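The values are calculated or read from the model by the stated rules, or taken from the named source; none is laboratory data. Note that the structure is a prediction, hence the values are computed from the model and not measured. Here Cβ is always computed from backbone atoms with ideal geometry, including for glycine, and neighbour counts include all displayed protein chains. Only protein heavy atoms, including side chains, enter the accessible area calculation; ligands, DNA and RNA are left aside. Shrake-Rupley method; radii C 1.70, N 1.55, O 1.52, S 1.80 Å.
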Amino acid sequence: MSRRSGILEFAVLGLLRESPMHGYELRKRLNTSLGVFRAFSYGTLYPCLKALVASGWLIEETDGAPEGVPAAALTGRRAKIVYRLTAAGKEHFEELLAHSGPDAWEDEHFGVRFAFFGQTSRDVRMRVLEGRRSRLEERLERMRTSLARSRERMDDYTLELQRHGMESVEREVRWLNELIESERAGRAQRPTGSAAQDKNQSGDTGGLPRHRGGSRPDPSDDTTT
């Protein structure tokens, strides 16, 4: 499975965990809510949905039919297919949520993973945020080294473009620092006993940093590539 199809699978399962959807509604949510899928067609989504159904992670139902009745059991050319997450699909999505390795730090993956942080445990959020920051700090160091070596050969416009790219990465690193600081503060204030257990089971989203001025970086913004 390619990286692109893997993150699409993750996004589809995550959106359907919130509620069942028609294919058109699902495509719209992918286009509008998750920036990495802005240029996205149903021709790409449909094979993914079929593969997830074949894996037992989704079922197809006809809109208006009793819950659990498969689409194939009903007729009607205009019947709309609704995709619903199965128990196995929910379990699979939770396994994907627990993943915090290098793939989750990459530009496309991080934006989608961040969109589902409300369903992700605090420890995993911390590992993903710290991994993303480390990845960007490495990228920033390479950009500075490259700029120092080649700036004499650049015209003013190329130099300005390089500076703009560095500023974009620096801005995201500052944003990540705020998020990490906020997550750590939330961890320090975590309640104990049954109250803590209740929070963890409900998602335990912690506190996002209070934003002060400027625009918050879009995790799916291609300017950091």
Report task. Excluding residues fewer than 8 places away in the same chain, name every one of the aspartates and glutamates whose C-alpha is closer than 18 Å to that of Lys80. Result -> Glu25, Glu60, Glu61, Asp63, Glu67
Report task. Kindly report, to the nearest 10 Å², the accessible surface of Lys50 as traced by a 1.4 Å probe over protein heavy atoms only. Result -> 80
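Using unit Cβ charges (K, R positive; D, E negative) and no other charged atoms, how large, in debye to the nearest 20, is the dipole of the stretch 94-194 about its Cα centre?
Numbers: 19 positive and 21 negative charges, 72 e Å.
Around 340 debye, computed over the stretch 94-194.
Can you send over the carbon and sulfur percentage of the accessible area for the stretch 96-165, probe radius 1.4 Å, protein chains only? Mind dumping the intermediate values first?
On the way: 1870 of 3820 Å².
Using a 1.4 Å probe with all protein chains present, the stretch 96-165 comes out at 49 percent carbon and sulfur.
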Query raised in the report: To the nearest 10 square angstrom, how much accessible area does Leu58 have with a 1.4 angstrom probe?
Result: 0
Report summary line: Placing each pseudo-label 7 Å from Cα in the direction of the beta carbon, Ser33 and Lys80 end up separated by a distance in nanometres of 1.6
Report task. Compute, for Arg151, the solvent-accessible surface of its heavy atoms (probe 1.4 Å) with the complete set of protein chains present, and express it in square angstrom to the nearest 10. Result -> 90
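Could you give the length gained by full extension between Arg153 and Glu167, i.e. 0.36 nm per residue of separation minus their alpha carbon distance, to one decimal place?
Working: separation 14, 0.36 × 14 = 5.04 nm, distance 2.06 nm.
So the chain would gain 3.0 nm between Arg153 and Glu167.
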